There are 2 protein chains.
Amino acid sequence: MSLPNHFELLATDGAARTGRITTPHGVVRTPAFMPVGTAGAMKGVHWREVREAGADIVLGNTYHLMLRPGAERIAALGGLQKFTGWNGPMLTDSGGFQVMSLSDLRKVSEQAVTFRSHIDGTKLELSPERAIEVQLLLGADIIMQLDECVRLPATRDDVERAMRLSLRWGERCKRAFEQAREGYMLFGIAQGGDVPELRKASARGMVETGFHGYAIGGLAVGEPQAVMLSMIEATVPELPADRPRYLMGVGTPEDLLEAVARGIDMFDCVMPTRNGRHGMAFTRHGQINLRNARHADDPRPLDEESDWPGTSDISRAYLHHLVRAGETRGAMLLSEINIAYYQRLMADMRAAIAAGTFEDFRIATRADWARGDIAPR
Amino acid sequence: MSLPNHFELLATDGAARTGRITTPHGVVRTPAFMPVGTAGAMKGVHWREVREAGADIVLGNTYHLMLRPGAERIAALGGLQKFTGWNGPMLTDSGGFQVMSLSDLRKVSEQAVTFRSHIDGTKLELSPERAIEVQLLLGADIIMQLDECVRLPATRDDVERAMRLSLRWGERCKRAFEQAREGYMLFGIAQGGDVPELRKASARGMVETGFHGYAIGGLAVGEPQAVMLSMIEATVPELPADRPRYLMGVGTPEDLLEAVARGIDMFDCVMPTRNGRHGMAFTRHGQINLRNARHADDPRPLDEESDWPGTSDISRAYLHHLVRAGETRGAMLLSEINIAYYQRLMADMRAAIAAGTFEDFRIATRADWARGDIAPR
């Protein structure tokens, strides 16, 4: 059964695309980067700043939210948007990835994955049907099928087994999704590790099932960037042009640029906030470590040409001081600065694709990064 | 030598007063509560929210700032306002209290206090002259004399010795302050422990020296509230009516109400942010512990009548979740909620004094607190 399409493709430039996804809580401009609000909040950043930075959509983690405060509780409180105060589009992952990476004693069967909570050790089961039920209770605009994500390196047999299981789980998720309200979306997830043929087979199977959009999972888990890009290249031609494509858990600004160049529309990653908490700033000049002593007496901002006040108005000396002193405000400012940089990069990519100048933009942006930071003063 | 007066008394109501202090960076409405930005930043709160909450002035800690990033560095970067981005009035303490409470191996002589930094063990000396030099380098609008603050309980001899030393240090601070630019202010600090006669003698000696304003130090260090209030009652009559009076390091909302009723104009305390980080909210209903399970399913805000969005729009259930999950945003929201409550309390006190209804306000506010939180649902 073909699901209704909420994606509108506005322009292409080479393989790069720009478009818009219409959700019950608003429009998402693509290519889109979704900042991650793991447990119903962005770490160190209020929603106001996330909005002001230009983000249309944020991501919540089903695994964390189902453990605490619980999906039924959030549903009783009016759903994730009302609960958290983020009044815009949201996407929830299925919990599969976190079950693999965070929980203890997980066991995967055809029926479901069983695991122990990393918070209190409670034994829990997550089936494809429960993953959808939980996400429908949370009420995100876009929800994800349950998949099995294997760690790389893995044997081809293990990769194929998990990929086939994910396809079967995708079909069960689609059936469970039939109770969803109009306008909400379910995305399938292609797996296949680092094996191009398995990636292709996964994508074909997923498209055969038919989803609102298509994700590529199980990448950016430690493999070289070249492997990730060639897996994208293997997958994208198998995906329909009229549906959104989402590369999960990616990545660095360079990853985003190269993945958009290969036809990806959506991303999520904790990197802007996590690196911000560790004193790192993403800028036009590349990544800058504010802990470095060279910034201690530098009155200059990170990038005076930025339109984000934190980036253009606050001195490197002050940021350096906050990071060194372990002041929360350092992590807060750098997380915002990084979210704003990511959103600016996405906006610039959208504009370049619309103008047909994406390749020029890609070259110029890479040159800026390669030039590195401004000289110390 | 009498120093120019930058305080204007607008109205009195009983012993309570409302007025305005004009500083080089703007006007401070009194009674005023100064949120504490220890090391050049408020913990978990941006300046924008501090401003929106209604704070006119914030406090910086000389001890922390002289150790890191250093007063000379901040001066070279344009002073504390430019460095931190707080574009309003600031007050810096003299460092004396933190030297007593945080540093190691301190030794007090007539000349100065020597101590080891709690950060890296460096041996440092802080004399009255250096305390003023450091604060002038920092560039705060109001700076404090160096004093010696003794821990209570202490013998009367110890209290008197420290009080007399503080008076002599006050005179040296005033001489050192002569190099300050027009419009900046120096406050003396009265000591005297829990001995009324020593408090009076300290206040008289301080007024004889002559400062822009007068502080009461060495209280709210563990003594019962009744002791603190009687020390205020012993001191205030010795202070000139036309100068601002500052009760250092105080306190709870009830402390503020009772101290304003006894003629105090200024306060500072880390309580709004520190308690916020520990899951506590100050509200019209008294102090509320968001960690308590009773809030887990409560869709109601802390106080729907509050004009602070975090207090009136965010559910107790969400705040409870953030606190339980250890999410930074919980500490951020509660710190803001508390700063906003403190500022609202000060604004209401100012209005009541101006209207001549302070005693009614005091009774009504205490009744609200005594009534406690709304019933669980």
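The values are calculated or read from the model by the stated rules, or taken from the named source; none is laboratory data. These figures come from a predicted structure and were not determined experimentally. As a convention, Cβ positions derive from the backbone with ideal geometry for all residues, glycine included, and neighbour counts pool all protein chains shown.
Pick out the one residue from B:140, B:220 that is at positive phi, buried (at least 17 other Cβ atoms within 10 Å of the Cβ) and in contact with a helix residue (DSSP H, G or I) (Cβ under 7 Å, 6 or more places away or on another chain).
B:220
Can you name every one of the strands (runs of 3 or more DSSP E) wholly within segment B:1-54 that holds 1 or more residues which are over 17 Å from the mean Cα position of the chain (by Cα) and modelled with pLDDT of 95 or more?
Answer list for segment B:1-54: B:7-13, B:16-23, B:26-30.
Restricting segment B:73-119 to residues that are exposed (fewer than 15 other Cβ atoms within 10 Å of the Cβ) and at the interface with another protein chain (Cβ under 10 Å from one of its Cβ atoms), which is farthest from residue A:296 (Cα to Cα)?
Only one residue fits best here, namely B:119.
Being in a loop (DSSP other than H, G, I, E, B) and surrounded by fewer than 21 Cβ atoms within 10 Å (Cβ to Cβ) is the filter here; which residues of segment A:61-72 pass it?
Scanning segment A:61-72 gives A:68, A:70.
Checking residue A:177 against (1) within 18 Å of residue A:94 (Cβ to Cβ); (2) assigned to a loop (DSSP other than H, G, I, E, B): exactly one of these is not met. Which one?
Result: residue A:177 fails condition (2) only.
Where the second residue is surrounded by fewer than 15 Cβ atoms within 10 Å (Cβ to Cβ) and modelled with pLDDT under 95 and the first is more than 13 Å from chain B (Cβ to nearest Cβ) and part of a helix (DSSP H, G or I) and lies in segment A:287-302, which pairs have Cβ atoms under 8 Å and are six or more apart or on separate chains?
Sorted first by the residue in segment A:287-302, then by its partner, the pairs are A:294/A:376.
Which one of these does residue B:302 not meet: (1) within 24 Å of residue B:219 (Cβ to Cβ); (2) in contact with a Lys or Arg (Cβ under 8 Å, 6 or more places away or on another chain)?
Going through (1) within 24 Å of residue B:219 (Cβ to Cβ); (2) in contact with a Lys or Arg (Cβ under 8 Å, 6 or more places away or on another chain) one by one, residue B:302 breaks only (1).
When only residues in segment B:59-71 that are over 10 Å from residue B:138 (Cβ atoms) and in contact (Cβ under 8 Å) with a residue 40 or more places away in the chain count, which is farthest from the other protein chains (Cβ to nearest Cβ)?
Going through the qualifying residues, I end up with B:59.
If residue A:306 passes every condition in (1) more than 18 Å from residue A:348 (Cβ to Cβ); (2) outside any helix (DSSP H, G or I) but one, which one does it miss?
Against the list (1) more than 18 Å from residue A:348 (Cβ to Cβ); (2) outside any helix (DSSP H, G or I), residue A:306 comes up short only on (1).
Search segment B:102-115 for residues that are closer than 10 Å to residue B:126 by Cα and pair each with any residue that is at pLDDT below 85 and in a loop (DSSP other than H, G, I, E, B) when their beta-carbon atoms are under 9 Å apart and the residues are at least 6 apart or on different chains.
Short answer, once both residue conditions are applied: B:113/B:103; B:115/B:103.
Scan segment A:326-340 for residues that are assigned to a helix (DSSP H, G or I), more than 20 Å from the chain's Cα centre (by Cα) and either surrounded by fewer than 24 Cβ atoms within 10 Å (Cβ to Cβ) or of a type in the set (D, E, K, R) (or both) and jot them down.
A:328, A:329, A:331
Checking the structure you have, find out if any residue of segment A:310-317 is of a type in the set (D, E, K, R), under 28 Å from residue A:203 (Cα atoms) and at pLDDT 95 or above.
No: zero hits.
Enumerate the pairs (first residue in segment B:309-338 and more than 9 Å from chain A (Cβ to nearest Cβ) and closer than 15 Å to residue A:85 by Cα; second residue anywhere and buried (at least 24 other Cβ atoms within 10 Å of the Cβ) and among the charged types (D, E, K, R)) with beta-carbon separation below 6 Å, excluding pairs fewer than 6 apart on the same chain, so at least 6 apart or on different chains.
Cβ pairs passing all conditions: B:310/B:336.
Residue-wise test of (1) more than 21 Å from residue A:99 (Cα to Cα); (2) free of Cβ contacts under 8 Å to residues at least 60 places away in the same chain.
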{"residue": "A:171", "(1), (2)": "no, yes"}
{"residue": "A:181", "(1), (2)": "yes, no"}
{"residue": "A:217", "(1), (2)": "no, no"}
{"residue": "A:232", "(1), (2)": "yes, yes"}
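Can you name the number of the only condition in (1) more than 14 Å from every other protein chain (Cβ to nearest Cβ); (2) touching a Pro at 6+ places or on another chain (Cβ under 6 Å) that residue B:284 fails?
Tallying (1) more than 14 Å from every other protein chain (Cβ to nearest Cβ); (2) touching a Pro at 6+ places or on another chain (Cβ under 6 Å), residue B:284 fails exactly one: (2).
Is it the case that residue B:199 is farther than 18 Å from residue B:146 by Cβ, over 19 Å from the mean Cα position of the chain (by Cα) and not in a loop (DSSP other than H, G, I, E, B)? Show your work before the answer.
Numbers: farther than 18 Å from residue B:146 by Cβ: yes; over 19 Å from the mean Cα position of the chain (by Cα): yes; not in a loop (DSSP other than H, G, I, E, B): yes.
Yes, satisfied.
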